[in-house]
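The values are calculated or read from the model by the stated rules, or taken from the named source; none is laboratory data. Nothing here was measured: the structure is a model prediction, and the numbers come from that model. Cβ: placed from backbone, ideal geometry, glycine included. Neighbour counts: every protein chain shown. Areas reflect the complete protein model, heavy atoms only, side chains present, ligands, DNA and RNA absent. Shrake-Rupley method; radii C 1.70, N 1.55, O 1.52, S 1.80 Å.
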Amino acid sequence: LKSSLLAAIDAADTPDALEAVRIDALGKQGSVSALLKTLGQMSPEERQVQGPVINGLREAVTSGIAAKKAALESAILNQRLATERLDMTLPAPESPRGTVHPVSQVMDELAEIFADMGFAVAEGPEIEDDWHNFSALNIPDTHPARAMHDTFYFPDQMAQKDENGDGKKMLLRTHTSPVQIRTMTSQEPPIRIIAPGRVYRSDSDATHTPMFHQIEGLVIDKGIHLGHLKWTLETFLKAFFERDDVVLRLRPSYFPFTEPSVEVDVGYSVVKGKRVIGGSEGWMEVLGSGMVHRKVIEACGLDPDVWQGFAFGTGVDRLAMLKYGMDDLRAFFDGDNRWLQHYGFNA
Ligand code: PHE
């Protein structure tokens, strides 16, 4: 029996076949189990002889099965290792790639265009005090322009003290013009800077979001006049829209911090029912500008009889919409990945 069982174990070539041999030998009805049961009916003398023999058989069969089981399992593992090899030549699954947001893209384009004209990039805080955002820009407390700006103010307890100990109200800057003040008070002229950044107004519809982006430009030098302003804006808008037929229209306007003030429209033509920049079938307002007001130059501690300049400010989001054809400003800030994949730029 022993040799036939060991031969059966040896012959089993799958775990299932081996399990069948085990049940045949060691199961309830198994041959070895049957022999073990006979021990009970034997006389003590007989049992003393047969006991070790039968138990030895059981142990031999049990350990034979265990050894065979381990051998079969390692054979199966080796087989899997040999066949389930990773094919490194297969193309990798595509992973999502980010894009450059159109606003960032346009800010980079603008910085590049103005860098070519000798403008450096300046920055200022988004949390401003009311002196930089308004008073120094010739917008005193009582000025109606303050109401027009729909300003987000911080609570009075957060006011900062100026050098005289007076409270300066804090707010989210409503335009990038305070960077004009910060630059003139910290830098010696001549000055040529642009200042792109976030600005905030309490306003929201298809063409207004409470946060949007502006870019400010400022030139302070000797003998600067409106002609310099016009040339700069024309050069910038032609480069930005990548067209030579960009036509500008300068309209007299009013800003407290420029005198004279000029609003700039850019001409468009209608192609297949869509407005395209270039030509002069119609006009779109794109920016506000003017010669820096004497009072602003004075407020920054400079002599307006020596230093003159011009400034302009425009909406970056609006410029992006005009150049790349988006129609709802709010989509810029929804963070919808499908929109970003469509309008975003590959890095
Ligand atoms: N700050 C103005 C605005 O937000 C734009 C502007 C900037 C006008 C500089 C003139 C000069 O509307």
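Please name whichever of G313, F240, N78 sits farthest to the positive end of the charge dipole of the chain, dipole taken about the Cα centre and charges placed at Cβ: Lys and Arg +1, Asp and Glu -1.
Towards the positive end, the residue furthest out is N78.
Per residue, how large is the accessible surface of the range 96-139? Use a 1.4 angstrom probe and give square angstrom.
Using a 1.4 Å probe on heavy atoms only, each residue of the range 96-139 averages 45 Å².
If you filter the range 215-281 for trypsin sites (Lys or Arg not before Pro), then keep DSSP loop positions with at most 12 other Cβ within 10 Å, what is left?
Taking the range 215-281 and a limit of 12 other Cβ atoms within 10 Å, the loop trypsin sites (Lys or Arg not before Pro) found are K222, K272.
Output the pairs from K230/K272; K2/K28; K238/K323 with a Cα-Cα distance over 20 Å in this structure; if there are none, say none. Write out the running numbers ahead of the final one.
Details: K230/K272 31 Å; K2/K28 18 Å; K238/K323 12 Å.
Beyond 20 Å: K230/K272.
In nanometres, what is the gap between the two model label sites at I23 and R198, each 7 Å from Cα along Cα-to-Cβ?
7.0
What area, in nm² and to one decimal, does the C-alpha convex hull of the chain cast on average over all directions?
If I average the Cα hull's projected area over directions, I get 37.1 nm².
What are the semi-axes of the equivalent ellipsoid for the range 25-108, taken as the square roots of 5 times the Cα gyration tensor eigenvalues, largest first, in whole Å?
Taking √(5λ) for each eigenvalue gives 70, 15, 9 Å, largest first.
Heavy atoms only, probe 1.4 Å: what % of the accessible area of the range 1-109 goes to carbon and sulfur, would you let me know?
Values: 4480 of 7800 Å².
Carbon with sulfur: 58 percent of the solvent-accessible area.
Give me the distance between the Cα centres of the range 172-250 and the range 1-73, rounded to whole Å.
Centre-to-centre distance over Cα atoms comes out at 94 Å.
Pop out the carbon and sulfur fraction of the accessible area of the range 127-223 as a percent, whole number, probe 1.4 Å.
Values: 2280 of 4620 Å².
C and S fraction of accessible area: 49 percent.
Tell me the GluC sites (Glu not before Pro) within the range 176-273 that lie in a loop according to DSSP and have at most 13 other beta-carbon atoms within 10 Å.
Those satisfying the criteria are E242.
Leaving out same-chain residues fewer than 8 places away, which aspartates and glutamates sit with a Cα under 14 Å from that of K161?
The qualifying aspartates and glutamates are E128, D129, D130.
So what is the calculated 222 nm ellipticity per residue for the chain, using -39500 (n - 2.57) for each DSSP H run with n of 4 or more, over all residues, to the nearest 500 deg cm²/dmol?
-12500 deg cm²/dmol
Tell me, rounded to the nearest percent, the portion of alpha carbon pairs in the range 1-58 spaced more than 16 Å apart.
46
Quick one: accessible area per residue over the range 211-311, 1.4 Å probe, rounded to a whole number of Å²?
Averaged over the residues of the range 211-311, the accessible area is 47 Å².
So, with +1 on the Cβ of K and R and -1 on the Cβ of D and E, and no other charges, what is the size of the charge dipole of the range 195-347 about its Cα centre, to the nearest 20 debye?
The calculated dipole for the range 195-347 is roughly 240 debye.
In debye to the nearest 20, how big a dipole does the chain give about its Cα centre with +1 on each Lys and Arg Cβ and -1 on each Asp and Glu Cβ?
1240
Within a Cβ distance under 12 Å of E259, other residues only, what is the Lys/Arg minus Asp/Glu net charge?
+2
What accessible area per residue, rounded to a whole number of Å², is obtained for the range 1-88 using a probe radius of 1.4 Å? Intermediate values should be presented prior to the final figure.
On the way: 6240 Å² over 88 residues.
Using a 1.4 Å probe on heavy atoms only, each residue of the range 1-88 averages 71 Å².
Starting from the Cα-Cα distance between K295 and L36, subtract it from 0.36 nm times their residue separation and give me the gain in nm to one decimal.
Working: separation 259, 0.36 × 259 = 93.24 nm, distance 11.42 nm.
Working it through step by step, the gained length comes to 81.8 nm.
Can you give the FRET efficiency to the nearest 0.05 for N55 and A7, using r as the Cβ-Cβ distance and R₀ = 25 Å?
0.75
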